[in-house]
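Beneath this line is the structure, given in structure tokens, with notes to follow.
The values are calculated or read from the model by the stated rules, or taken from the named source; none is laboratory data. Quick caveat: nothing in here was measured; it's all calculated off a predicted structure. Here the Cβ positions follow ideal geometry from the backbone for every residue, glycine too, while neighbour counts run over all protein chains shown. Remember, those area values only see protein heavy atoms, side chains included, never the ligands or the DNA or RNA. Shrake-Rupley method; radii C 1.70, N 1.55, O 1.52, S 1.80 Å.
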Amino acid sequence: MLGKLDLSAIPLSQPIPLITSFVVILIAVAVLILITAKGWWPYLWHEWITSVDHKRIGVMYCLLGVVMLIRGFADAIMMRTHQALAIDAPGYLPPEHYDQVFTAHGTIMILFGAMPLVLGFMNFLVPLQLGVRDVAFPTFNSVGFWLTASGALLVNVSLFVGEFARTGWLPYPPLSETTYTPGVGVDYYLWAVQISGVGTLITGINIVTTVLKMRCPGMSFLRMPVFCWTALASCMLIVATFPILSATLAMLTLDRYLGWHYFTNTAGGNPMMFVNLVWAWGHPEVYILVLPAFGIFSEIFSTFSGKPLFGYRSMVAATLFICIVSMMVWLHHFFTMGAGPAVNTFFGISSSIIAVGTGVKIYNWIFTMYGGRVRFEVPMLWSMGFIFTFIIGGLTGVLLAIPPADFVTHNSMFLVAHFHNVIIGGVVFGIFAGLEFWFPKAFGFRLHEGWGKVAFWFAFIGFWVTFTPLYVLGLLGMTRRLQHINIEAWRPWLYISVIGVGILILGVISQVMQLVVSIRDRETLRDVTGDPWDGRSLEWATPSPPPFFNFAVMPNVEGEEAYWGIKLRAVETQQLSPEPKYEPIHMPVNSPVGFFTAFFTTVFGFAMVWYIWWLASVALVAAFVGFVVFAWRDIHEFEVPIEQVASVDRARRAAREALLEKLTRQEVLP
Amino acid sequence: MGRLQIPKGSLCRALRGALPCGLSSVGLASCSGGVLDPLGPVGAENATILIDSAVIMLAIVVPTILLAFWVAWRYRASNPRGEYLPYWSYSGRVEAVVWSIPTLTVMFLGGLIWIGSYELDPFRPLPSKVRPLEVQVVSLDWKWLFIYPQQGIATINQLVVPAATPVHFSITSASVFNAFFVPRLGSMIYAMPGMVSQLHLQADDPGQLLGISAQFSGDGFSDMQFQVKSVPAADFGAWVASVRGTGPVLDRAAYAELLQQAQRVPPSTYGGIDPQLFLAVANQQIAPGPGPQPGGPHHAGREVSTSGKD
Ligand code: HEM
Ligand SMILES: [Cu+2]
Ligand SMILES: [Cu+2]
């Protein structure tokens, strides 16, 4: 009846997961009680859970990402402290637990932390920046989000029921085959990543279609903000490579469930094929993450320098260049497989060629500041921190791309330092820069600047104190994923790294404080104009937060930097453009199909993990029926009456009049 | 033995000397153990390439970082001396420079990658007058087996090699992936089931080195360490003589025991071998290790390691 599931799946003998489970369940119950007591369910259901508004979905994506970043950070604290305590000592995590921790850390950080945040930004921003009212497939979008949430939930369930994979975040066979890892951990991994991967693919298709098909009048490709270009490139990579991941994981699943032999040790299986396939997705994946971050930085450098982005076309070219080349470098993750010098040469050179595109971008950001009036507000601090950190990460990346150098640094702590250097310095810094920058747009009030600066400095210093020692450790010969250590020379560096983690913890606390303080002081931090940073792209033409239909009338774009042009004209002519003729707007209706489907895919995944076949069949059918029922609906849009459109837009115009006056008074515009 | 004739300036040499000692003396440790402190020709080339390319890139990267901070500071909003150029967003000349700096750097590094990949191809024999020692390596759960076919002996978790003699390793795995790595000797390579990787290394001087697996292979991975002893050629003969004929023989039955998972396996030796063993392992005539075996308390879906917990 319950497959492999019985009471022994609950980690009663292991205090760490047990207590964590207990605390998490307690918090979850408390939140549910609070929501019920306050009567928030209808609001949550109508405004968020069933919402197909791209901004709401974007915010939910970001919320999921932030929560998962914190979960992943907890794993990181455990790993760094454990290793420091496990020098000639057992430490506090036995191997079967430690191995789960680093696997969960990698999986969660990349797939359930960084990915949702990046997808959240794209969802929130792309339609606003393109001057349209929604993404191409709004309901599909909601399905995509909820499937990602479903995967994230499964990963976290594994903490309480059963175990997670202990194979590393890319489960290389034959280790991940049932012979060597018979438990449910790898199965949790497979179903969680498979389900969320479908969600990601959906969002990728959605954004690509939106950018290609849904720009407002006048928004030609070469007038799009660079963020939209990077979102397009990133989502094209999603569309091109997530199917590889799905297929690869499906093959491993068949090996594990039906005893097939794609990647097994024996019977003709080829584990090297898995390694190739998974990196054919895995390397593009890191650019899926970092390209939108580049887009965020581009917007910030230009806004906070008060100048257009330098070399816009060059930026676009570099983005597309990286997008294409990033699919031709995957073998650099296993130069040490012994493929031969010709193959290694090809992939070594193709990998370092990517650095050309990245280098061009860095110079263009620098020249964007040149001749500007640079304001060092919080988003700009993150961006400067990024320039410094990412350049070093790129340097060590190119070192690893030189096969004979990689032969002594592969899988070492040097590698670990490299990818944190680019992922934290690039993606995570980008995410925090973006959160500071667009928070007022999403919620209508700014974040507290003082706490933001404190958080940045803790994160920046903490990052370097944590990861510089890892470079040294790598050069001293320390490999990654060691559960215990018996080399005395490594001790001091491991200790320094723990100090760095301590500083990072202060950074996380400051970030939380910033949010708390900002919510408390939201009235004084209120953004009444809708344009708190003197922005340049169309999202700043809307009120903060934007109405659900974004634009009362479609903007008409007449050049690059659409909103900046509108602002200039208003200041020159000393008036806003004349009031437009309002028309009713058609917007898509809410739909529970995403939530419904994801509920059943979660049940399906869980049932598959535990071999509860009847439940899996029921859940799969239910998820499918949900879709079919949805496809049968007759009404999919509703009309926003003229009066509502007009009143919302008149309020916006009033705020803009005030802004115009202020801009004229300050003479901020040249 | 400078097999690689690309820049090996005195700066790099000095750096190589200074870096590991500088770094580890900060760490209160002796100057040993790292990949920047090589004991053989391969490791020396690895380290040279690593440091040379780092220096080449730093020559571009440091000025770029300084430029970034100088520009940001110079054009800060509060500085009236920085001229405001609100429309300056394109310059063909700057663009040309911006594309060519990274391109030239990468072309230069591309050459280094090309030459280096061929020179340091792990499958390539080392040029030496001394006849290489053959060692067959099998990674098991979780121990290393070293077979000396010429000497007819074998060891577990212990690799003894004559100094100043090239060693030719043939490497396979009898369970999951591992990577054979002796940081101070240089280049690592994967040990893979059903396949044989080749690696050529040499220790120039006698010494005690650390060998590890550099590819995660399961619960016992952290203890997949082996001692590497580089001994004077004469001592090597004596060591072989002392091992040969003493202790157990590595036949199929003894090997079957090795296939069982075990953690923290102490070094040991075999006084005799089955000469066909390595081939039979590599082409999987002998089935690979069976993985975790039932036993110990039952947990639903939760694996239990076969040996004791920490
Ligand atoms: C400047 C361009 C870059 C180059 C040339 C480069 C090169 C490399 C190489 C050669 C490796 C494999 C090393 C090894 O396993 O021995 C590697 C690993 C990695 N890189 Fe990069 N990298 C670059 C930028 C990035 C960026 C931008 C990201 C992420 C946003 C990133 C994320 C990673 C990750 C996650 C890994 C390790 C994955 C694992 O083994 O688990 N890299 N990089
Ligand atoms: Cu890569
Ligand atoms: Cu192979």
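Entry remark, the range A:79-108: residues being closer than 16 Å to residue A:150 by Cα and without any contact (Cβ under 8 Å) to a residue 60 or more places away in the chain number 1 in total. Just one of the listed residues (A:339, A:280) is within 16 Å of ligand 2 (Cβ to nearest atom), open to solvent by 10 Å² or more (accessible area, probe 1.4 Å) and not in a helix (DSSP H, G or I), namely A:339. For residue A:572, indicate whether it is in contact with a Pro (Cβ under 8 Å, 6 or more places away or on another chain), surrounded by fewer than 12 Cβ atoms within 10 Å (Cβ to Cβ) and over 30 Å from residue A:6 (Cβ atoms). Here the answer is no, as residue A:572 does not meet what is asked.
Residues in the range A:366-385 that are within 8 Å of another protein chain (Cβ to nearest Cβ) and part of a helix (DSSP H, G or I) were compared, and the one that is nearest to residue A:226 (Cα to Cα) is A:368. Taking the criterion of being out of contact with any strand residue (DSSP E or B) (no Cβ under 7 Å at 6 or more places or on another chain) and within 16 Å of ligand 1 (Cβ to nearest atom), would at least one residue in the range B:222-245 satisfy it? Looking through the range B:222-245, none of the residues is out of contact with any strand residue (DSSP E or B) (no Cβ under 7 Å at 6 or more places or on another chain) and within 16 Å of ligand 1 (Cβ to nearest atom).
Restricting the range B:183-215 to residues that are surrounded by 24 or more Cβ atoms within 10 Å (Cβ to Cβ), within 7 Å of another protein chain (Cβ to nearest Cβ) and among the polar types (S, T, N, Q), which is farthest from ligand 1 (Cβ to nearest atom)? Among residues in the range B:183-215 that are surrounded by 24 or more Cβ atoms within 10 Å (Cβ to Cβ), within 7 Å of another protein chain (Cβ to nearest Cβ) and among the polar types (S, T, N, Q), the one farthest from ligand 1 (Cβ to nearest atom) is B:187. Looking across the range A:484-521, just one residue is of a type in the set (Gly, Ala, Ser) and at pLDDT below 95, and that is A:489.
From the set of residues in the range A:295-353 that are among the β-branched types (Val, Ile, Thr) and facing chain B (nearest Cβ under 7 Å), which is nearest to residue A:382 (Cα to Cα)? Ranking the candidates gives A:353 first.
In this structure, is residue B:219 buried (at least 24 other Cβ atoms within 10 Å of the Cβ), assigned by TED's automatic domain parsing to the domain that holds residue B:273 and either within 16 Å of ligand 2 (Cβ to nearest atom) or charged (D, E, K, R) (or both)? Yes; evaluated as a whole, the condition is true for this residue.
Listed here are the residues, each with its yes/no results for (1) open to solvent by 50 Å² or more (accessible area, probe 1.4 Å); (2) among the charged types (D, E, K, R).
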{"residue": "B:110", "(1), (2)": "no, no"}
{"residue": "B:116", "(1), (2)": "no, no"}
{"residue": "B:124", "(1), (2)": "yes, yes"}
{"residue": "B:141", "(1), (2)": "no, yes"}
{"residue": "B:144", "(1), (2)": "no, no"}
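Out of contact with any Ser or Thr (no Cβ under 6 Å at 6 or more places or on another chain), open to solvent by 20 Å² or more (accessible area, probe 1.4 Å) and among the β-branched types (Val, Ile, Thr), is that true of residue B:101?
On the way: out of contact with any Ser or Thr (no Cβ under 6 Å at 6 or more places or on another chain): yes; open to solvent by 20 Å² or more (accessible area, probe 1.4 Å): yes; among the β-branched types (Val, Ile, Thr): yes.
The answer is yes for residue B:101.
What number of residues within the range A:636-670 satisfy the criterion of being among the hydroxyl-bearing types (Ser, Thr, Tyr) and modelled with pLDDT under 90? Going through the range A:636-670 one residue at a time, the tally reaches 1. The residues of the range A:122-138 that are open to solvent by 10 Å² or more (accessible area, probe 1.4 Å) and assigned to a helix (DSSP H, G or I), listed by number, are A:124, A:138. Among residues that are open to solvent by 10 Å² or more (accessible area, probe 1.4 Å), among the charged types (D, E, K, R) and part of a strand (DSSP E or B), residue B:229 is included.
In this structure, is residue A:242 more than 16 Å from ligand 3 (Cβ to nearest atom), assigned to a helix (DSSP H, G or I), within 12 Å of chain B (Cβ to nearest Cβ) and crowded, with 20+ Cβ neighbours inside 10 Å? Give the steps one after another, and end with the answer.
On the way: more than 16 Å from ligand 3 (Cβ to nearest atom): yes; assigned to a helix (DSSP H, G or I): yes; within 12 Å of chain B (Cβ to nearest Cβ): no; crowded, with 20+ Cβ neighbours inside 10 Å: yes.
When the stated conditions are applied, residue A:242 does not pass them.
For the condition open to solvent by 20 Å² or more (accessible area, probe 1.4 Å) and of a type in the set (A, V, I, L, M), residue A:78 qualifies. Applying the criterion of at least 2 residues that are more than 7 Å from chain B (Cβ to nearest Cβ) and surrounded by fewer than 23 Cβ atoms within 10 Å (Cβ to Cβ) to the helices (runs of 4 or more DSSP H) found wholly in the range A:386-496 leaves A:413-422, A:429-443, A:449-475.
Residues that are part of a loop (DSSP other than H, G, I, E, B), within 16 Å of ligand 3 (Cβ to nearest atom) and out of contact with any Lys or Arg (no Cβ under 8 Å at 6 or more places or on another chain): does the range B:186-194 have at least one?
As a first pass, look at the range B:186-194 and keep what is part of a loop (DSSP other than H, G, I, E, B): B:192, B:194.
Now restrict to residues that are within 16 Å of ligand 3 (Cβ to nearest atom): B:192, B:194.
Imposing the further condition that a residue be out of contact with any Lys or Arg (no Cβ under 8 Å at 6 or more places or on another chain) reduces the set to B:192, B:194.
Yes.
When you look at residue B:210, is it modelled with pLDDT of 95 or more and either assigned to a strand (DSSP E or B) or not small (Gly, Ala, Ser) (or both), yes or no? No; evaluated as a whole, the condition is false for this residue.
Every residue, every condition in (1) open to solvent by less than 10 Å² (accessible area, probe 1.4 Å); (2) away from ligand 1 (no atom under 16 Å from the Cβ); (3) within 23 Å of the chain's Cα centre (by Cα), yes or no:
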position: A:285; (1), (2), (3): yes, no, yes
position: A:289; (1), (2), (3): yes, no, yes
position: A:294; (1), (2), (3): yes, no, yes
position: A:301; (1), (2), (3): yes, yes, yes
position: A:308; (1), (2), (3): no, yes, no
position: A:311; (1), (2), (3): yes, yes, no
position: A:319; (1), (2), (3): yes, no, yes
position: A:324; (1), (2), (3): no, no, yes
position: A:327; (1), (2), (3): no, no, yes
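Once the range B:163-182 is narrowed to residues that are open to solvent by less than 10 Å² (accessible area, probe 1.4 Å) and over 24 Å from residue A:480 (Cβ atoms), the residue that is farthest from ligand 1 (Cβ to nearest atom) is B:166. Among the residues of the range A:154-163, just one is open to solvent by 10 Å² or more (accessible area, probe 1.4 Å) and part of a loop (DSSP other than H, G, I, E, B), namely A:161.
Against the numbered list (1) under 26 Å from residue A:596 (Cα atoms); (2) touching a residue at least 40 places away in the same chain (Cβ under 8 Å); (3) within 30 Å of the chain's Cα centre (by Cα); (4) open to solvent by 20 Å² or more (accessible area, probe 1.4 Å), residue A:2 comes up short only at (3).
What do you reckon, is residue A:151 buried (at least 24 other Cβ atoms within 10 Å of the Cβ) and at pLDDT below 95? When the stated conditions are applied, residue A:151 does not pass them. All but one of (1) within 9 Å of another protein chain (Cβ to nearest Cβ); (2) at pLDDT 95 or above hold for residue B:180; which doesn't? Unmet for residue B:180, out of (1) within 9 Å of another protein chain (Cβ to nearest Cβ); (2) at pLDDT 95 or above: (1).
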